[in-house]
Amino acid sequence: MLNKMVKFEPGELEIAIVTYNRCMFIAEWLKQCYRMAQERNISISIYDSSINDETEKYIYDFKNRMNDKDLKYYHIPSNINIGYKPMIPILNSKAKYIWVSGDSRYHEFQDLDKKVFPYLKKDIDYVVLHICNNEENDEKIYTDRHEFFKDCFISMTCIGLSIYKTSLFGAMKSSKQLQCSCDQKYKNNYAFAWIGYFLEMFCVGSHKALFSIIPIKNIKSDIKIHSWFQRCYECWVQDLCDLMDSISEKYQHTESVMRNTWIYLALDSPGFCIYARKKGDLNKKSIKKYMANDKLFRVTKQIKRIETLACAEEKDLDRCLAQCVKLEIKEFEDNCYKNINKISECSKGKKIWIYGAGKGGNILMDCLIQNGISIYGFLDQTADGIKRINSFCVKKLTDINYDNVYVVISLFYWQPLIIKTLLEQGLDRNSILYLNVESNISE
């Protein structure tokens with residue numbers, strides 16, 4: 001049965017696309033989404049900070065081809081912090097709801113008709129779409145701001161995954177004093193300014209927020225360049241700490257949310273460290289700065305690893321990387337042994353399946369066998385290409401019966417939708433252990 005298309009009243013929902021020097025991305029977004037938005041009476045605006053006129057020319061040509069007088073184009077200064085740019089359409093919009101979207105992804109409107117748009121008709125205050133963690137809370141409505149902040153912050157950090165009721169910002173629009181106060185705290189936060197303004201307003205009065213998992217369609221992911229990547233650790237250390245310090249009087253869990261963000265996004269993984277080093281943001285000078293102000297210690301325990309990869313001479317970098325990977329494997333192995341008693345106790349009377357038929361799965365298998373704990377097999381999305389590990393079968397998540405089953409996820413880093421898929425198969429959340437993520441999560 002097809003989902004019913006949700007149609008909006010004029011001025012009810014606006015999609016504002018924030019873009020910078022990516023005309024081909026805007027063209028693809030419009031190709032995929034323009035007709036769908038038109039059918040639902042959703043207005044579209046483009047907030048372009050390009051340093052050439054390519055995007056502007058394309059938009060006006062597109063308006064003429066479509067004879068669309070309602071498609072709006074705004075040019076904004078290119079020197080505005082990326083973190084503040086979403087605030088410009090938020091403060092400018094006259095619509096009841098505004099979805100500030102990035103230019104490099106979109107969602108299927110049929111999915112939005114089913115899981116998101118009906119809530120806008122019910123007067124929800126805010127919608128955050130899924131990017132990672134919190135899978136078991138799909139379609140949950142949050143009324144407690146502290147719980148909402150703890151569960152949903154990671155998804156908030158991605159421009160394009162938030163739909164705001166514009167009246168949320170009414171108090172700030174009507175009070176210059178309040179706006180100046182917010183500007184002082186957040187406007188210069190390069191990476192996360194808009195989140196600070198939103199969280200400041202969300203705790204004024206009682207509000208409802210919806211968390212919804214909608215699959216993302218990426219546009220030209222093979223050539224996309226993150227505009228913040230030249231200062232990636234500057235964003236995820238300095239800017240993140242500054243944001244949390246500014247909201248700490250209004251929200252609980254700020255310190256644990258920072259650490260958990262790093263765990264879920266694997267910002268201290270050897271691979272990410274090397275990527276940041278190649279981009280020029282991780283080196284002797286930058287690591288010295290991050291360590292001197294103690295902010296790096298607030299977000300991660302992997303100080304030694306990051307310092308090693310930041311300070312290694314170029315000729316020694318491959319060797320240092322291999323050492324860090326070896327230590328990472330040892331830490332995972334230690335974590336397996338640390339959780340033996342928990343796995344043994346929680347899985348009593350159940351069949352143990354290991355999710356992940358790679359390096360982590362093999363380490364966990366050896367650990368369980370050495371401790372006399374039987375396993376039934378492995379689960380993996382690439383089961384067709386593996387079939388068996390030792391004497392154990394390898395199955396896809398959808399290929400087994402989950403009666404009396406306990407699943408240990410043995411991946412080194414978080415991956416999306418594994419838990420959600422297991423829950424959809426009927427497995428209880430207490431019968432799932434995400435070994436290397438949940439064991440390190442800070443409450």
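A few comments on the model shown:
- With both labels modelled 7 Å from their Cα along Cα-to-Cβ, the ASP384 to LYS96 distance reads 4.5 nm.
- Cα-projected label distance for GLN425 with GLN32, points at 7 Å along beta-carbon direction, nm: 2.9 nm
- Accessible area per residue, Å², the chain with all protein chains present, probe 1.4 Å: 46 Å²
- Dividing the summed helix terms, -39500 (n - 2.57) for each DSSP H run of n ≥ 4, by the number of residues in the chain produces a 222 nm estimate of -12000 deg cm²/dmol to the nearest 500.
- Ordering of 190-196, 128-134 by burial proxy (mean other Cβ atoms within 10 Å per residue, highest first): 190-196, 128-134
- Placing +1 on the Cβ of every Lys and Arg and -1 on the Cβ of every Asp and Glu, with no other charges, gives the range 308-398 a dipole of roughly 660 debye about its Cα centre.
- For the peptides 101-109, 269-277, the ranking by mean Cβ contacts within 10 Å, running from highest to lowest, is 101-109, 269-277.
- Other-chain or far-sequence residues with amide H under 5 Å of LYS140's (modelled H): PHE211
- On the basis of the beta-carbon distance and an R0 of 60 Å, TYR413 and GLU56 show a calculated FRET efficiency of 0.90.
- When each of LYS176/LYS220; LYS72/LYS176; LYS114/LYS338 is checked by Cα-Cα distance, pairs over 32 Å: LYS176/LYS220; LYS114/LYS338
- In Hz, Karplus ³J(HN,Hα) per residue of the range 249-265 (6.51, -1.76, 1.60; θ = phi - 60°; x = Gly, Pro): 6, 10, 10, 7, 6, 4, 5, 5, 4, 4, 5, 5, 4, 5, 5, 5, 8
- 3J(HN,Hα) along the range 135-149: 5, 6, 9, 3, 6, 7, 9, 9, 10, 8, 5, 5, 5, 4, 4 Hz, from the Karplus curve 6.51 cos²θ - 1.76 cosθ + 1.60 with θ = phi - 60°, whole Hz, x for Gly and Pro.
- Beta bridges per DSSP with both ends in the range 312-443, % antiparallel, nearest 5: 10 percent
- Straightening the chain between ARG259 and SER206 buys 16.3 nm, computed as 0.36 nm per residue apart minus the Cα-Cα spacing.
- Extension gain from ASP144 to GLU9, taking 0.36 nm per residue of separation minus the Cα-Cα distance: 45.6 nm
- Summarising the strand pairing of the chain, around 30 percent of its internal DSSP beta bridges are antiparallel.
- For the chain: rounded, prolate or oblate by the Cα gyration tensor [a/c cutoff 1.5]: prolate
- Basic side chains Lys and Arg get +1 at the Cβ, acidic Asp and Glu get -1 at the Cβ, and with that the dipole of the chain about its Cα centre reaches some 320 debye.
- To put it simply, the accessible area of the chain at a 1.4 Å probe is 48 percent carbon and sulfur.
- Label-reachable residues, the range 146-179, where backbone N falls under 15 Å from a point 7 Å from GLU249's Cα toward its Cβ: 178-179
- Here the gap between LYS315 and SER439, fully extended at 0.36 nm per residue and compared with their Cα-Cα distance, gives a gain of 41.1 nm.
- Rounded to the nearest 0.05, the FRET efficiency derived from the C-beta distance between GLN184 and PHE392 at R0 = 56 Å is 0.40.
- Each Lys and Arg contributes +1 and each Asp and Glu -1, all at the Cβ; summed about the Cα centre of the range 40-117, the dipole is approximately 360 debye.
- GluC sites (Glu not before Pro) restricted to the range 138-245 and DSSP loop, no more than 16 other C-beta within 10 Å: GLU139
The values are calculated or read from the model by the stated rules, or taken from the named source; none is laboratory data. Remember, it's a predicted structure, so these values are computed and weren't measured experimentally. Note that each Cβ is placed from the backbone with ideal geometry, even for glycine, and that neighbours are counted across all protein chains shown. With ligands, DNA and RNA removed, areas are computed over all heavy atoms of the protein, side chains included. Shrake-Rupley method; radii C 1.70, N 1.55, O 1.52, S 1.80 Å.
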